[in-house]
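Each reported figure results from applying straightforward, stated rules to the coordinates on display, with no laboratory input. Everything numeric in this text was worked out from a predicted model, so none of it was measured. Cβ placement follows ideal geometry from the backbone for every residue including glycine, while neighbour counts extend to all protein chains displayed.
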Amino acid sequence: MTGQYARQHLLAIAPLSRQEIESLLDLADTYVALNTQVQKKRDTLRGRTLINLFFEPSTRTQSSFELAGKRLGADVMNMSVAQSSVRKGETLIDTATTLNAMRPDIIVIRHQDSGAVALLADKVSCAVINAGDGAHEHPTQALLDALTIRRRMKRIEGLTVAICGDVLHSRVARSNVHLLNKLGARVRLIAPRTLLPIAAESWGAEVFTDMHEGIKGADIVMMLRLQMERMSGSFLPSTREYFHFYGLDAAKLKLAKPGALVMHPGPMNRGVEIDSAIADDVERSLIHEQVEMGVASRMAVLDALSRQLPNDPGRRS
Amino acid sequence: MSARTAIINARIVDPASGFDGTGSVLIENGAIADIGPRLFNDGKPTNAEIIDAKGQVLAPGLIDMRVFTGEPGAEHRETLKSASASAAAGGVTSIVVMPNTDPVIDDAALVDFIRRRAEATAKVHVYPAAALTRGLNGEQMSEIGLLKEAGAIAFTDGDRTIQSSLIMRRCLAYAANFDAQILAHVEDPWLAAAGQMNEGGFAARMGLGGIPSAAETIALERDLRLLELTNARYHLAQVSCAEALEALMRARQRGLKPTCAVSAHHLALNEQDIGEYKTFAKVSPALRCEADRKAMIEGVRSGQIDAIVSSHDPQAPETKRLPFAQAAYGAVGLETLLPVVLSLHHEAGIPLLDVLRCVTVAPANILRLPSGRLAKGAPADLVIFDMGSPRKIDPNEFHSHTKNSPFVGRLMQGRVLRTVVAGKTVFEG
């Protein structure tokens, strides 16, 4: 079938076609259904080894991949590498080649440096999934966000999605801009100038520094997590000022389309980028649905990648 | 004064409209209700207090973008009350007060404090400038958005330059985000720390450490390059040397729109005025050489320099009666601002409209104030002065709390006859 995902890795959204993305979303839809069953187990990945290699601490992404792998029947190994013990350059590659020698089938990698996952993917023979590299990409987050939107709104084409917050440091924003653009949404970026990347206009998104303007008429408001270490630095003066001008509260949400939905990749800083009343509003907030879609999306990605793995029951080369 | 006041027989000089001629003004409810050469041609207005200006100059009240006070924290130097009395006596109807107080004005509640204190005690409009970085530490930007909402008119670290180019860049970007005005003091802190006066033969003979004018140019060039990246509203608080003004002009040629002011000190004095270690002439940036002073005057003449400020900085005797190197920087200037501005007309031959523009509509436009102009609907902030009257500067006549003026004993021209703020006379000379 044309447009089927036929790549060895999933490193970024940027190079993917609309058809590839949609095939992954279609596949994910089937896993959403499976995940509501008592019997959630498939043997799609039976006999396969999945390694979660996280150079940055993560709870939801790592457990989401772990569950996804286990539900598909893989043997899952979690390796959390404390940041302090990691050395850059040669050591990173050494880690990858060492793991590769253990003959895993799929490695899921998160790393604090942009491009690090692609660097490792180059050195291994198995499939690699980028679970977030620096401020570059987080492709499975964008897939799960798209799945969440598509299931709730029945479409993505033509929707206005306002992505608000620390765009500068956000891989979630970058992956989402790519994906939403490819699927025909109108994307807006809202951030103070200190947290806006240079030439963000050229990403195919409308850029706003005033949240009141940027949120007007949006179907979806996607809030980004503000990393606390940015707060006391020189990017922003304080959390209270940030919340006042860029935090999502009822007053600002009123400016969006009536019934506009709210997303957040988590973990949230309540009272910093989002008001608790909004985060907990089951009518408006898709935050828990995003987590649920995360498992299904990752199952779809693992499934799609495993189809490209050498499949004869004998020795893999 | 009643709600209606008419000033008649005035020589109206309004740089905003370019009008210089005889006429009258009608003031109602604190604003200019009518103005013009033919106003009251059909007879004096009834029901209004009449002030006969007797042909003296009536101009918009002066707007001074750079005033230091000691309130809060050093009230023995100057309070908002005494600074405003000094301003009123000098024909200044609006002052921008620097955040260099104790505590530093870096919090919305403190901006509110200054505004309330001023409302309760000051005779003239007081506009608080808030700190650009917290505690003026040059490290963490202040809450520019909240401070602006609280009423901060501009953002500045006062007499300090932010050392880190990265922090400065982010401050500029963040200020641009809120369309906030920056007032920048530019002086390379390391070069400045090595001296106390302008570098040159004079400082060398005196045995004093020199600060080269390059200290200003280097810091300014950096800021201008950062401005290119951020496009903020940037105002050079005080230009003092020819090279810095040239750097500013080059930036304007590149399409940037920085504005700048020069202090009255740098227009009227040069390094030689330090004489025998006179600490009242120790100001920051340092008084420069005569060529730089002349370049500043030419900058005003050509319009390259937008505004003139007093850089009023009251210092108590205990911080000035010290060896030159140990003495504090700063000089009072609110009551000598107008005479210095007029000297540019009397002595340098710059048209009166042009010199007054630098202390009225030009700063008003930079700060986006409705004042600084004589037009229907504008606030009735006015000054009537005798532009020719000679006087010897006598510190005992000063209304400021401290008297550290480098102009003491100097013969100057210009005497304020009346200062009106929001239609109310706040000073009569």
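Annotations for the structure displayed:
- Couplings 3J(HN,Hα) for the stretch A:190-197, derived from phi with the Karplus relation 6.51 cos²θ - 1.76 cosθ + 1.60 (θ = phi - 60°), are 10, 6, x, 4, 6, 10, 9, x Hz, where x marks Gly and Pro.
- Beta-bridge orientation, the stretch B:61-367: approximately 5 percent antiparallel, per DSSP, counting only bridges with both partners inside.
- Label-point gap, in nm, between B:Ala328 and A:His212 - each point 7 angstrom along Cα→Cβ: 4.1
- In order along the stretch A:11-23, the Karplus-derived 3J(HN,Hα) couplings, from 6.51 cos²θ - 1.76 cosθ + 1.60 at θ = phi - 60°, round to 9, 7, 7, 3, x, 7, 8, 4, 5, 4, 5, 5, 5 Hz, and Gly and Pro are given as x.
- Amide H within-cut-off set for B:Ala422, under 5 Å, with H built and near neighbours excluded: B:Ala380, B:Asp381, B:Leu382
- Residue pairs exceeding 25 angstrom between C-alpha atoms, taken from B:Lys81/B:Lys148; B:Lys282/B:Lys403; B:Lys148/B:Lys376; A:Lys182/A:Lys257; B:Lys54/B:Lys376: B:Lys148/B:Lys376.
- Between the Cα long axis of helix A:90-101 and the first principal axis of chain A there is an angle of about 50°, rounded to the nearest 10.
- Prolate/oblate/rounded label for the stretch B:323-365 (Cα gyration tensor, a/c 1.5): prolate
- Nearest 10 degrees, 0 to 90: helix B:165-177 Cα axis against chain B principal axis: 30
- A Förster distance of 51 Å, applied to the separation of the beta-carbon atoms of A:Asn100 and A:Lys254, puts the FRET efficiency at 0.45.
- Normalised alpha carbon radius of gyration of the protein assembly as shown [divisor 2.2 N^0.38 Å]: 1.22
- Beta bridges per DSSP with both ends in the protein assembly as shown, % antiparallel, nearest 5: 35
- Amide H within-cut-off set for A:Phe208, under 5 Å, with H built and near neighbours excluded: A:Leu189, A:Ile190, A:Ala191
- Residues within the reach of a label modelled at B:Glu428 (point 7 angstrom out along Cα to beta-carbon, backbone nitrogen below 16 Å), restricted to the stretch B:23-67, are B:49-54.
- Point-charge dipole on Cβ atoms (K/R +1, D/E -1) for the stretch A:88-224, about Cα centre, debye to 20: 520
- Applying D = kT/(6 pi eta Rh) to the stretch B:191-260, where Rh is the Kirkwood radius over alpha-carbon pairs, T corresponds to 10 °C and eta to 1.306 mPa s, the Stokes-Einstein value obtained is 122 µm²/s.
- Kirkwood-type hydrodynamic radius, chain A: 20.0 Å, calculated from all non-identical alpha-carbon pairs.
- Rounded to the nearest 0.05, the FRET efficiency derived from the C-beta distance between B:Glu347 and A:Arg240 at R0 = 51 Å is 0.45.
- Along the stretch A:63-74 the Karplus relation, 6.51 cos²θ - 1.76 cosθ + 1.60 evaluated at θ = phi - 60°, assigns HN-Hα couplings of 5, 5, 5, 5, 4, 4, x, 5, 5, 8, x, 7 Hz to successive residues, with x for each Gly and Pro.
- Cα pair distances in the stretch B:61-367, grouped into 10 Å bins until the bin that holds the longest one, percent each: 7, 29, 38, 23, 3, 0
- Where only DSSP H runs of four or more residues are counted, the protein assembly as shown gives -9500 deg cm²/dmol as its mean residue ellipticity at 222 nm, each run worth -39500 (n - 2.57).
- Put a plus charge on the Cβ of each Lys and Arg, a minus charge on the Cβ of each Asp and Glu, and nothing anywhere else: the dipole of the stretch A:186-317 about its Cα centre is then about 340 debye.
- FRET E, pair B:Glu318, B:Ser164, Förster distance 45 Å, beta-carbon r, rounded to 0.05: 0.85
- Peptide A:189-196 shows a mean partner chain C-beta count of 5 within 10 Å per residue C-beta.
- Among B:Ser343, B:Leu110, B:Ser86 the positive-end extreme of the charge dipole of the stretch B:61-367 (Cβ point charges): B:Ser343
- Put a plus charge on the Cβ of each Lys and Arg, a minus charge on the Cβ of each Asp and Glu, and nothing anywhere else: the dipole of chain A about its Cα centre is then about 600 debye.
- Extent of the stretch A:247-292 along its three principal axes (Cα atoms, max minus min coordinate, largest first): 27, 21, 13 Å.
- A protection proxy built from the mean count of other Cβ atoms within 10 Å ranks the segments A:22-29, B:179-186, most packed first, as B:179-186, A:22-29.
- Paramagnetic reach from A:Arg60 in the stretch A:236-250 [backbone N under 19 Å; point 7 Å along Cα→Cβ]: A:247-249
- For residues of B:174-184, the mean tally of beta carbons on other chains within 10 Å: 3
- For the stretch B:26-149, the antiparallel share of DSSP beta bridges with both residues in that region comes to about 35%.
- Between helix A:171-182 and chain A: long-axis angle, C-alpha atoms, 0 to 90°, nearest 10: 90
- 10 Å Cβ neighbours from other chains, averaged over peptide B:146-159: 1
- Cα shape, the stretch B:105-214, gyration tensor, a/c 1.5 rule: oblate
- Long-range HN-HN contacts of B:Val309 with modeled amide H, under 5 Å: B:Val262, B:Ser263, B:Ala264
- Convex hull volume per residue for the stretch B:61-135, taking Cα atoms only, in Å³: 70
- Coordinate range along principal axes, alpha carbons of the stretch A:56-199, Å, largest first: 47, 38, 25
- Options A:Val108, A:Leu248, B:Ala261, ranked by Cα towards positive dipole end of the protein assembly as shown, top entry (Cβ charges): A:Val108
- Label-point separation in nm, A:Gln19 to A:Glu201, each point 7 Å along Cα→Cβ: 3.5
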